[in-house]
Amino acid sequence: MGGGAAATAGVEFGDFATAIAAIAPSFSSGADAGTSFKQFLVSLTGNSDEAKDAMKELGLLTADGANQFFDAAGNMKSMADVTQILHDATVNLSEQQKIEALQTIFGSDAMRAAAGIAKLTGEEFTKMGQTMKNTDAAAVAKQRMDNFKGSLEALQGSIEVLMIQVGMKLLPVLTDLAT
């Protein structure tokens with residue numbers, strides 16, 4: 001759900017995947033996380049006067065209106081930089097202040113993504129991305145299957161294949177018998 005907005009904002013695929021992984025614990029589904037992240041991205045500019053005022057209070061907008069999430073050319077900074085900026089702006093707030101600020105800036109849907117991202121530093125975000133890049137999905141799957149439960153699952157899959165093959169062979173005979 002957030003991939004299109006991420007691409008439009010210039011978020012690299014690896015950073016998008018890392019951001020979704022970082023905020024995933026706050027959501028019931030990947031689609032919900034993606035939608036919230038999409039709203040987070042489009043809210044980085046400050047979509048209302050109230051949002052802009054809250055951003056100024058946190059130092060996310062300078063007195064001359066420069067947005068800390070974007071460079072001088074108007075390009076969004078890296079997700080590691082965005083993460084660090086949001087973290088630094090909210091780290092000393094009380095929970096109540098953080099909720100109020102994130103709700104005002106990002107709205108009720110995107111505040112969950114913002115809160116998840118704000119928990120990390122830029123360094124933690126980068127490290128999480130590196131860990132994800134260095135993870136071999138096949139090795140993880142093999143490790144998850146290398147136990148009794150995995151062996152039982154493989155056996156069940158083999159039985160299902162056998163039942164399908166036998167069923168396909170017997171289907172014409174059973175059809176003739178029924179006819």
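Per-structure values
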item	result
Translational D in µm²/s for the stretch 77-119 (Stokes-Einstein at 4 °C, 1.567 mPa s, Kirkwood Rh from C-alpha pairs)	126
Per residue accessible area of the chain, 1.4 Å probe, in Å²	63
Local net charge near Thr90, Cβ-Cβ under 12 Å (Lys/Arg +1, Asp/Glu -1)	-2
Among the listed pairs Lys119/Lys149; Lys52/Lys119; Lys38/Lys98, those beyond 32 Å (Cα-Cα)	Lys119/Lys149
Calculated [θ] (222 nm, deg cm²/dmol) that DSSP helices of n ≥ 4 give over the chain, each run adding -39,500 (n - 2.57)	-23000 deg cm²/dmol
Relative counts (whole %) of C-alpha pair distances in the chain, using bins that are 10 Å wide	9, 29, 25, 11, 10, 8, 5, 2, 0
Heavy-atom accessible surface of the chain: percent carbon and sulfur, 1.4 Å	57
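The values are calculated or read from the model by the stated rules, or taken from the named source; none is laboratory data. What you see is a predicted model; the values in this text were computed from it and never measured. Cβ: placed from backbone, ideal geometry, glycine included. Neighbour counts: every protein chain shown. Accessible surface areas use protein heavy atoms only, side chains included; no ligands, DNA or RNA. Shrake-Rupley method; radii C 1.70, N 1.55, O 1.52, S 1.80 Å.
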